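K.L.:
Here's a structure for you.
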Amino acid sequence: MGEALVLLGAVGTLALCAAVFDAVLAVPGGGAGEPLRRVARLLLQQRRRTRLADTLLVRTGVCGLLAVAVLAGAVLPLGERPVAEMAVGVVWFNAMEVGAWGALWLVGWGVNSVYPLVGGYRFVAQGLAYELPHMFALITVALGAGSLRFADVVAAQRGLWFAVWMPVAFAVYLVSAVAMAFWGPMDGPVSDDICGGVPAELSGPDRLVFQAGRYALLVVVAAAAVPLFLGGGAGPLLPPWLWTALKTVAVLALLVWSGRVLPTVRMDLFTRLSWLVLIPATLLQLLVVSVVVL
Amino acid sequence: MGLSGWLAGFAAACPRPMVVTAPHGTRSRLLVEAELSRRGWRHAHAPSGTGLLVVCGTPADALSRAVEMVWTTVPAPGELVRLRGDAPPERVAAALDEAVVRLARPRSPGTDTGERTDVPMADRGPDRDGLTLDRLRVPLGPVLPDWPAGLVVETVLQGDVIQRARVEVAGGLGGERFWDAPWLAALEGREVTRGEAARRLAASHLDSLGRLLAVAGWPGASARARRLRDRLLWERQDQWVRRDFPGFARAVRRSRTLKWVLRDLPAARDPAPGGLVRRVGTWLDRTGLALRDLDDGRPLDDDEGPRGPVGGEPSRGLLAVLPELVTGADLAAARLVVAGLDPDLDQLRGARDG
């Protein structure tokens, strides 16, 4: 119970940090207070409904996004132990984050409006493009560690971080991480050219929960990079939880920053890149790791 | 009421404005954008995400109806600010301040209301893969972020692919052609320096770049283009602009991701090599050249405005090729193509509602 509260607190704090960092990047020399003011505004804002919206689907999607992010985070070690110790933690993590597909599609479809629907289409296409390389990257890690348990994956990196000897898998993981959280160069499903896409018709509390879910997902995919590739809580002097936190913040800052400095990649282009370059590259990486492990 | 009153005041300082521009409202749009950037207010991109709808210029019938429709979908608490096309900077700042004061007033919480109209389902038809899919009639514009003021592209969509497109104009009252003004004034015999024209030309291209980069989803570079534009146009910090511009131009030119994203997208009817990538390069080149001439005191004696000869209404030509260029494209590509054409509907004299 205590650990679950720690997890919620950590995800909430880091999500707010990510929002503040993004706001500071957007408005240099100010803007740090914007996310909290925005929360206040959305709390007071009226909830609007579109015509013939499927409210049940929309609310399932809006809450589902936050739920899958937290559930995916439950298997990540917060220092030494995760909230839920699972022999198939890596699979669980992957299964939960795929729930984001469902969540976005339910919202995009359910509100019965054009731009959210287009955002939903884009996310399904994005999912088809990033998910296979992403899974191969995770499989490479599991193969290197000989286990699907996060604790074993961390233990296997005592000598050398997986980021160092599986650089391709790490790079692909980072790309798929922003794609999964539909962030930065992969923010097509929620991008400004379609009026904000999936959440375009959400207002008030609905929009607030959706945005919270998006930031939570970004935090969780950044945090997962730490046990998967960056040695987990291992490090000199400081306790494991602090190392975990520091590494998570570093990855999170990198992902948030990518959103300011890179244009949004069009989905047809990314699909081509994914199938022609990323999948073969991850398969080669998998082969190399298999040979080394043998 | 205490807590919600305090929250209302706290929230009002960042209302996430959404800016709608009517043709001939370009000047006030630019003033508003400069003022918003000075205040550090980020833009909203949909009515449901905004607390403040800012209308620049005076919409004529069709656009006026569109604005009314959008206003009914802005959730409470929301404020509407209308600025005439010739509003001075002080008026812009004052109007925004007044809106913040009104937004900060505590009020009773809103209820679940407000339904918007449905998109008509047109029919079904074969798509580009030979599947029979639903077709939707969807107008793009006139109220759309980073979109030419007054432009409406009536589309038939299948999925997010445009099957048919037709251009209409939602006009505005007034007659100012902000971007062409120096050349028009010179043609009328008034004294205009080449430096003033160069300033307007550079600012116009920076405005187009800011819009294209925003549509391309590169907020950092877009904000930089707009900051350069504002400093050049309103603050007249020429030294600062000359110092900062080369770095900006280099970053945009070197971005491989941008080249990749714009690749294969047309900038004109003839499939000229380079397409949109070339267009971005041209804008940067011409801006760089114009920045050298800011102090040129000789009288202006040509009519080459930012979009071509100001007497020829070059934007009419851009609108004529637009439907062809976006047909068959998906929405992401179509938005980039429109931003690359960047027609200036202020040029369409007598253009009222289509």
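The values are calculated or read from the model by the stated rules, or taken from the named source; none is laboratory data. Note that the structure is predicted; figures quoted are calculated from it, not measured. All Cβ positions, even for glycine, are placed from backbone atoms using ideal geometry, and neighbour counts span all protein chains on display. What goes into the accessible areas is simple: the full protein's heavy atoms, side chains included, and nothing from ligands, DNA or RNA. Shrake-Rupley method; radii C 1.70, N 1.55, O 1.52, S 1.80 Å.
K.L.:
For segment A:24-64, which residues drop by 40 square angstrom or more in accessible area between the chain on its own and all protein chains together (1.4 Å probe)?
P.N.:
A:Val27, A:Glu34, A:Arg37, A:Ala40, A:Arg41, A:Leu44, A:Gln45, A:Gln46, A:Arg47, A:Arg48, A:Arg49, A:Arg51
K.L.:
In segment B:25-54, what residues drop by 50 Å² or more in accessible surface going from the chain by itself to the full protein assembly, probe 1.4 Å?
P.N.:
Checking the loss per residue gives B:Arg42, B:His45, B:Ser48.
K.L.:
Across the Cα atoms of segment A:171-294, what radius of gyration and what greatest pairwise Cα-Cα distance (Dmax) are found, in Å?
P.N.:
Values for segment A:171-294 (Cα only, Rg and Dmax): 17.1, 55 Å.
K.L.:
GNM on chain A, C-alpha springs below 10 Å: top fluctuator among A:Pro263, A:Pro189, A:Pro133?
P.N.:
Most flexible of the set in this elastic network: A:Pro263.
K.L.:
Another question about this same structure. Projected area of segment A:2-293, taken from the Cα convex hull and averaged over every viewing direction, in nm²?
P.N.:
About 15.1 nm², averaged over all directions.
K.L.:
Hey, what did chain A get for relative contact order, percent, Cα under 8 Å, at least 6 apart?
P.N.:
The normalised contact order for chain A reaches 27 percent.
K.L.:
Taking a probe of 1.4 Å, how large is the accessible area per residue of chain A, in Å²?
P.N.:
38 Å²
K.L.:
Around B:Ala60, which amide H atoms from residues at least 5 apart in sequence, or from another chain, sit under 5 Å from its own amide H, with H modelled in the peptide plane?
P.N.:
Amide H neighbours of B:Ala60: B:Gly171, B:Gly172, B:Leu173.
K.L.:
List the accessible area buried at the contact between A and B, summed over both sides and calculated with a 1.4 Å probe, in Å² to the nearest 100.
P.N.:
Looking at A and B, the buried total is near 4900 Å².
K.L.:
So what's the convex hull volume per residue for the Cα atoms of segment B:30-74, in Å³?
P.N.:
71 Å³
K.L.:
Ordered by residue, what ³J(HN,Hα) values in Hz, to whole numbers, does segment A:269-286 give under the Karplus form 6.51 cos²θ - 1.76 cosθ + 1.60, where θ = phi - 60° and Gly and Pro are x?
P.N.:
My calculation for segment A:269-286 gives 5, 5, 4, 4, 4, 4, 6, 8, 10, 5, 5, x, 5, 5, 5, 5, 4, 4 Hz in order.
K.L.:
State, as an integer percentage, the relative contact order of chain B based on alpha-carbon contacts under 8 Å between residues 6 or more apart.
P.N.:
Once normalised by length, the contact order is 19 percent.
K.L.:
Something else about it: Within the accessible area of segment B:173-347, what % is carbon and sulfur when the probe is 1.4 Å and the other protein chains stay in place?
P.N.:
50 percent
K.L.:
Here is a further query. Top mean-square fluctuation among A:Gln46, A:Gln211, A:Gln157, Gaussian network model of chain A, C-alpha springs under 10 Å?
P.N.:
A:Gln46
K.L.:
Once phi is turned into θ = phi - 60°, what whole-Hz ³J(HN,Hα) does the Karplus curve with 6.51, -1.76 and 1.60 give for every residue of segment A:198-213, x standing for Gly and Pro?
P.N.:
3, x, 4, 9, 7, 9, x, x, 4, 5, 4, 5, 4, 5, 4, x
K.L.:
I've got another one for you. On the accessible surface of segment B:2-104, probed at 1.4 Å, how many percent belong to carbon and sulfur atoms?
P.N.:
57 percent
K.L.:
In whole percent, what relative contact order does segment A:66-130 give with Cα contacts below 8 Å and a gap of six or more residues?
P.N.:
In percent, rounded to a whole number, it is 25.
K.L.:
Okay, moving on. Considering all projection directions equally, how large on average is the shadow of the alpha-carbon convex hull of segment B:292-354, in square nanometres?
P.N.:
Here the figure is 6.4 nm², rounded to one decimal.
K.L.:
Same structure again: With the full set of protein chains in place, find how many percent of the accessible area of chain A is carbon and sulfur; take the probe as 1.4 Å.
P.N.:
75 percent
K.L.:
Please state, as a whole number in µm²/s, the translational diffusion coefficient that the Stokes-Einstein equation yields for chain B at 37 °C and 0.692 mPa s, with Rh defined as the Kirkwood radius across alpha carbon pairs.
P.N.:
Translational D for this selection: 153 µm²/s.
K.L.:
Please check segment A:204-223 for residues whose accessible area, probe 1.4 Å, is lower by 50 Å² or more when all protein chains are in place than in their chain alone.
P.N.:
Output list: none.
K.L.:
Comparing A:Pro239, A:Pro35, A:Pro77, which has the greatest mean-square fluctuation in the GNM of chain A with Cα pairs linked when under 10 Å apart?
P.N.:
A:Pro239
K.L.:
Here is a further query. Given the C-alpha atoms of the protein assembly as shown, compute the convex hull and give its volume per residue in Å³.
P.N.:
162 Å³
K.L.:
Add -39500 (n - 2.57) for each DSSP H run of 4 or more in the protein assembly as shown, then divide by its residues: what number comes out at 222 nm, to the nearest 500 deg cm²/dmol?
P.N.:
Taken over the protein assembly as shown, the calculation gives -18500 deg cm²/dmol.
K.L.:
Here's something else I'd like to know. Please list, by residue number, everything in segment A:209-246 whose backbone N is under 17 Å from a paramagnetic label point 7 Å out along Cα→Cβ of A:Val164.
P.N.:
The answer is A:226-237, whose backbone nitrogens lie closer than 17 Å to the label point.
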